[in-house]
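Before any comments, here is the structure.
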Amino acid sequence: MSVRRLAEENVQPAAFAFSKDNAVWAKATIKKYPKGREQSAVIPLLMRAQEQDGWVTKAAIESIADMLTMPYIRVLEVATFYTQFQLKPVGTRAHVQVCGTTPCMLRGSEELISLCKKRIHPNPLTPNESGTLSWEEVECQGTCVNAPMVMIFKDTYEDLTVPQLEYIIDRFDAGKGADVKPGPQIDRIFSAPVGGPVTLLAPEKKPAAPRAKKASDDAAVSVPPSNAARPKTDAPETDPTLKTPVTAKSESAANDKVSGETKAEGGAAKPAAAAAKPSLDDKNRPAGIAKPDALDDLKLISGVGPKIEGTLHELGIFTFAQVAGWKKAEREWVDGYLNFKGRIERDDWVKQAKALAKGGEAEYIKVFGKKPR
């Protein structure tokens, strides 16, 4: 373990005193311990002093020692032993503790550390020029399932990517750290599996296995000879209700129809005709608007390229808010019109558009963990 020392005298304050509220809290905390064991409150009091001033000063150590009737050296031993106590000034708006243990390292914490060196300071535990930010690499913070992660003050920020951490650092540096929601930064509930639960679910019904073909199956479909007598009926020869006996040729044609193909004279297969586009007058067509002066870049939505964007413009779709408001029937209409075969649902255009409409690229990064295309 490395040697931990107090900060130099020139940065140490002359005195320390708990604020009015913290002084009341400290007295109540000391009373929680049995008589003669009040010194057990040393760790929570040191933590409260750090939360108040941002770091543990020499004056705070001496003041807490006096409150607990402890020798100064005993409190100094506690403060220098536990790495949770910062013995030198750190960032006033954010001190970023990047986990560098194995799970986080395997999932990209080295890139997060590189970002901190570039964005804050090349050296750990050294504030930036304005004194608002600092960082350090720490050991396991206990959210290995959601690696990689960082801790800022008491909150953890998990499932991070480099753009996400850069966004979080920028918000804290701007004094708007409260805008960032702690916990997983992807679509996950706490430490639950990504995409929702995968255990204790109702079993899916498996399709029945195909039955082995028997010789008797072939005998079940009889192919009458060409000179076989027709069924006895009073219907005329051209009556459409007259049923024609099943022949090998008609059975083959039926199979071709089921598979979506028909055979031409030479035996070559022809694909079935493509499904027709839905009508532009369909009631499920999304409502369009007049072309606004400022257009949203719909190509930021994954799955929309220049050609698709042009088609959407022809339909009167120009903004993220329009796409975000599509109902299921409207999505199905657009999907059919573009012949996408379910692509709008797979790429979740609506969720992407909602994020872009709410906060642009920053909100998109917050929701999806990556920049839009």
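Read the figures in this text as sums done on the coordinates, not as results from a lab. In this text the structure is predicted, and so the values were computed from the model without any measurement. For neighbour counting, all protein chains shown are included, and Cβ atoms are generated from backbone atoms with ideal geometry for every residue, glycine included.
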One finds, for Leu106 and Glu204 with R0 = 22 angstrom and r their Cβ-Cβ distance, a FRET efficiency to the nearest 0.05 of 0.10
Ordering 71-77, 13-19, 358-364 by per-residue average of other C-beta atoms within 10 angstrom, highest first, gives 358-364, 71-77, 13-19
Among Asn284, Val304, Phe368, the residue whose Cα sits farthest towards the positive end of the charge dipole of the range 268-373 (+1 at Cβ of Lys and Arg, -1 at Cβ of Asp and Glu, taken about the Cα centre) is Phe368
Sorted by chain and then number, the residues having a modelled amide H within less than 5 Å of the amide H of Gly183, at least 5 places away or on another chain, are Thr156, Tyr157, Glu158
Cα gyration tensor of the range 123-209 diagonalised, 5x eigenvalues square-rooted, in angstrom largest first, produces semi-axes 37, 13, 10
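Based on the Cβ-Cβ distance of Ile289 and Glu345, what FRET efficiency does E = 1/(1 + (r/R0)^6) give at R0 = 22 Å, to the nearest 0.05?
For R0 = 22 Å, the calculated efficiency reads 0.40.
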A chain fully extended from Glu332 to Lys358 at 0.36 nm per residue, minus the present Cα-Cα distance, gains in nm 7.0 nm
Counting Lys and Arg as +1 and Asp and Glu as -1 over every other residue whose Cβ sits under 10 Å from the Cβ of Ala7, the net charge comes to +1
Among the Cα-Cα pairs of the range 283-367, the proportion with separation greater than 15 Å, in percent, is 55
Debye calc, one equal point scatterer per Cα of the range 9-81, no solvent, log10 I(q)/I(0) at q = 0.16 1/Å comes to -0.51
Descending packing, highest mean Cβ count within 10 Å first, for 310-317, 284-291, 165-172 is 165-172, 310-317, 284-291
In the structure shown, of Lys206/Lys277; Lys283/Lys341; Lys291/Lys366; Lys206/Lys328; Lys327/Lys354; Lys205/Lys351, the pairs separated by more than 24 angstrom at the C-alpha atoms are Lys206/Lys277; Lys291/Lys366; Lys206/Lys328; Lys205/Lys351
